[in-house]
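Throughout, read-outs are computed from the coordinates displayed, never taken from laboratory work. None of these values were measured; they are calculated from a predicted model. All Cβ positions, even for glycine, are placed from backbone atoms using ideal geometry, and neighbour counts span all protein chains on display.
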Amino acid sequence: MPTKVQTTPVLNQGTDDAKRQEIHDYFTSTWELYEDLFGLMKSDEAYYLRADPLRHPLIFYLGHTATFFINKLVLAKIITERVNPRFESIFAIGVDEMSWDDLDSRNYDWPAVSEVFAYRDEVRRVIEKVIDEMPLQMPVTWDTPWWALLMGIEHERIHLETSSVLMRQLPLDQLQSSADWPVCPDSGPAPVNELATVPGSTVTLGKDRAHPLYGWDNEYGCQEHEIVDFKVSRFLVSNGEYREFIDAGGYQTEQWWTEEGWAWKSYKQATMPLFWRGDADQGYRLRCLAEVIDMPWNWPVEVNQLEAKAFCNWKAATTGRPVRLPTEAEWHRLRDHSGLPDQPDWDGSEGNINLAEYASSCPVDRHLQAGFGDVQGNVWQWTETPISGFPGFGVHPWYDDFSMPTFDTQHNLMKGGSWISTGNEATRDARYAFRRHFYQHAGFRYIESEQPADQSVDIYESDELISQYCEFHYGADYYGVANFPRRTAELCREVVGDRPIRRALDLGCATGRATFELARFCDFVTGIDFSARFVKVGYEMQEKGHVRYTIPEEGELVSYHEKSLAGMGLAAVKDKVEFWQGDAHNLKPQFKDYDLVLACNLIDRLYEPRRFLANIRGRMNDGALLVLFSPYTWLAEFTPPEQWLGGRKVDGENVTTLDGLHAELAPHFEPVGEPRDVEFVIRETARKFQHSVSQMTVWRKLS
């Protein structure tokens, strides 16, 4: 294997100097391990192939993890200069299969592989300088700058695993095997899978912010479950055991599948797991990372959640027993019962995990804990549980789209990690979820339980800020003040007059109301916001035609609301809009040729507003209109004071934001009309409202 893989650092023990060195070593081993994996690519051409039609080519992932570091260090105000703005745009976003992701190859001019490796070298030097020079005072916590560095390191470890899954789907002739990534040489017949009882108990999920290990936002909070006694398979379902389902016609029998599962199976015309090769007549083989081997029947089968669920339904019908996948809480009960220690207290018996043994699975009966095989490691284990936040959940301000886009009932949790799960992925509290048709190094075990699987997920948007903005955009008017997003679009229409608008941009679109309103008179409108949480609302409104959310009334009391495009007279325009996540300072190249750009309450929330104003003109046609709204509420937490356009003294003189706008826009824009004030009201509770005034200015781009 590559150099020994470190476990994730303990963040509340040790001296400042020792912890700095430990984090430096952890970064180095992560960076080099990631590049070592890409050493399996045989040629530059392989980097540009789509291993999965719903994923970017691997050239994206080579650049993505480095870009992530830079973007988070900039956001955390640890560095102020970018390394390569173009790369940090095209490699920024596009990982999960979200419908707003850009998978249109026409929007990308991928750089050469050598250029990306050179970029990675530059980024590495920046990060190492930060590690060497940034002040460190123990402990390292969620709200310290060092968290951004750890975020980048753990993020790269995630993509070590997801990139290996994509490589496993490339044609074999595009990869080269390596002694550094060995396949387990042991295989044999599948063991008989028996059930054993796990006694019930109270299970507490979640951790607090004082936990000594790095965590992603979805791990924090607290949730208790009362679990009754249940029986669980001693081993993960092996290839041999799963073949019984195949031989029984499992892929041809609709009754075993959920509606979603059968639709997927029919679409993919699947007859066996993705990584199987051959057939029953010629014999089955297994695709590993960079080679194909004879089928190891005693290794765990690797399937998606839909296939795992179909197997359980078949098993339940054939045995007459209540067979299903475990829930997240039941998996935790099994883990607690096994007595497995968490990092860093591993004793060498933790399993086929953390790249400790092979670059593949191994027999399901090799690693036993309390009589159960592979409680962690070998492959991830699918659960019945769609991911959502625990009570007390809160997003991290430097990565607000890590979890929230998955709280949609479409992403199910996997537990336990795989042979290539390292760092945070290999901890007890790790919570990773993927769409149910997604392939990872993932399999499953099954349980028998009379206790129904709790799959309740709050389908109402209850995140406090998102709910507030849903009401701000789609809710009622308050105190005689018109709905602000609707009003801004109406004012844009006034200043546009009879001029046709082919393409419009709503920058800082939040939850999307103004994007839809602009489409009443614009041919096509793009809505972009930095927050995936906001963009998700606009996208769901477009796809489903409605959005549901809660708003606080008083104390713990909330009210439930549903708003629809049809109810706002906007149903006819939904095909004229699109929603994207993006950074206003560093938009992707395809966002250009606009006749109208609307930026509502945005400029005083940018970390470099001058850069935004300088760059936006290159995305506008001659004669296009730039419409700005802002209450000019400059705050150091968003914008360094030296970057404020106004609201401060310069050389002893008062400079207003309007003065600053004229100074920044004057060479390339001319003002249109006079500034005007536009009120807006944001509801917080039934008896608390924010009443503010935003100033509207309009600027025409000169030829």
Per-residue ellipticity at 222 nm attributable to helices in the chain (runs of n ≥ 4 DSSP H, -39500 (n - 2.57) apiece, nearest 500 deg cm²/dmol) works out to -8500 deg cm²/dmol
Rounded to the nearest whole number, the per residue volume of the convex hull around the C-alpha atoms of segment 141-240 in Å³ is 189
Using each residue's phi in segment 498-508, evaluate 6.51 cos²θ - 1.76 cosθ + 1.60 at θ = phi - 60° and report the 3J(HN,Hα) Karplus result to the nearest Hz, with x for Gly and Pro. 8, 5, x, 10, 6, 9, 10, 10, 9, 9, x
Along segment 207-219, Karplus-curve 3J(HN,Hα) (6.51, -1.76, 1.60; θ = phi - 60°) to the nearest Hz, with x for Gly and Pro, reads 9, 9, 5, 8, 4, x, 10, 4, x, 7, 4, 6, 7
Quick check on the exposure proxy: order 293, 246, 59 from fewest to most C-beta atoms within 10 angstrom. 293, 246, 59
In the chain, which longest range has no GluC sites (Glu not before Pro) that are both DSSP loop (not H, G, I, E or B) and surrounded by at most 12 other Cβ atoms within 10 Å? 195-449
Listed by chain and number, the residues whose amide H is under 5 Å from that of residue 238, excluding neighbours fewer than 5 places away on the same chain and using placed H, are 301
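Which whole-number percent of Cα pairs in segment 295-375 have a distance greater than 18 Å?
Values: 1845 of 3240 pairs.
The proportion of pairs with Cα distances above 18 Å equals 57 percent.
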Once both labels are modelled 7 Å past Cα along the beta-carbon direction, what's the residue 112-residue 226 spacing in nm? 6.7
Could you give the length gained by full extension between residue 482 and residue 22, i.e. 0.36 nm per residue of separation minus their alpha carbon distance, to one decimal place? 160.0 nm
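Suppose a student asked you for the relative contact order of segment 16-174, using Cα pairs under 8 Å spaced at least 6 residues apart; what percent would you report?
Values: 136 pairs, mean separation 61.5, N = 159.
Relative contact order, segment 16-174: 39 percent.
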Take each uninterrupted DSSP H stretch in the chain, measure its Cα extent along the helix axis, and return the ones at 20 Å or beyond whose mean Kyte-Doolittle hydropathy is at least 1.0. 58-75
For the chain, cysteines whose Cβ has no other cysteine Cβ within reach (under 4.7 Å): 222, 288, 312, 470, 492, 509, 522, 600
Around residue 577, which amide H atoms from residues at least 5 apart in sequence, or from another chain, sit under 5 Å from its own amide H, with H modelled in the peptide plane? 525
Please list, in chain and number order, the residues 5+ apart from residue 702 or on another chain whose amide H is under 5 Å from its amide H, with Hs placed from the backbone. 623, 669, 670
At q = 0.13, 0.21 Å⁻¹, what base-10 log of I(q)/I(0) does the Debye formula yield for segment 16-174 when every alpha carbon is treated as an equal point scatterer in vacuo? -0.62, -1.42
List, largest first, the extents of the alpha carbons of the chain along their principal axes, each in whole Å. 81, 53, 48
Cleavage-rule hits, chymotrypsin sites (Phe, Trp or Tyr not before Pro), segment 471-500, DSSP coil, Cβ neighbours within 10 Å at most 10: 479
Quick calc, residue 248 & residue 49: beta-carbon distance into FRET formula, R0 45 Å, rounding 0.05, result 0.80
State, to one decimal in nm, how far the label point of residue 12 lies from the label point of residue 558, with both points 7 Å from Cα in the Cβ direction. 2.9
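Once the cut-off is 24 Å, how many percent of the Cα-Cα pairs in segment 325-455 end up in the long-distance tail? Present the calculation step by step, with values, prior to reporting the outcome.
Working: 2444 of 8515 pairs.
Tail of the P(r) past 24 Å holds 29 percent of the pairs.
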Using a 7 Å offset from Cα along Cα-Cβ at residue 277, what residues in segment 347-379 end up with backbone N under 20 Å from the label point? 359-363
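Just check segment 464-701 against the gyration tensor rule for me: Cα atoms, a ≥ b ≥ c as the square roots of the eigenvalues, rounded for a/c under 1.5, and otherwise prolate or oblate depending on whether a/b exceeds b/c.
Working: a/c = 1.77, a/b = 1.25, b/c = 1.42.
Verdict is oblate for segment 464-701.
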Normalised by the residues of the chain, what does the relative contact order come to in percent, with Cα pairs under 8 Å and at least six apart? 11
If you plug each phi of segment 191-206 into the Karplus form 6.51 cos²θ - 1.76 cosθ + 1.60 with θ = phi - 60°, what whole-Hz ³J(HN,Hα) values come out, in order, with x for Gly and Pro? x, 5, 9, 9, 9, 9, 7, 10, x, x, 5, 7, 10, 10, 9, x
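Could you calculate the contour length gain from residue 693 to residue 578, that is, 0.36 nm times the residue separation minus the distance between their Cα atoms, to one decimal place in nm? Write down the numbers at each step before the final one.
Working: separation 115, 0.36 × 115 = 41.40 nm, distance 2.84 nm.
So the chain would gain 38.6 nm between residue 693 and residue 578.
What does the charge count around residue 570 come to, taking other residues whose C-beta lies under 9 Å from its C-beta (Lys +1, Arg +1, Asp -1, Glu -1)? Can you show the working numbers first?
Working: positive: 513, 520, 574; negative: 517.
Computed value for this residue: +2.
Past 30 Å, Cα to Cα, is the threshold; run 268/536; 77/574; 207/563; 544/701 against it and keep the listed order.
On the way: 268/536 27 Å; 77/574 38 Å; 207/563 35 Å; 544/701 37 Å.
Distance filter (> 30 Å) returns 77/574; 207/563; 544/701.
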At 0.36 nm per residue, and after removing the present C-alpha to C-alpha distance, how many nm does the segment from residue 136 to residue 172 gain when stretched out fully? 8.4 nm
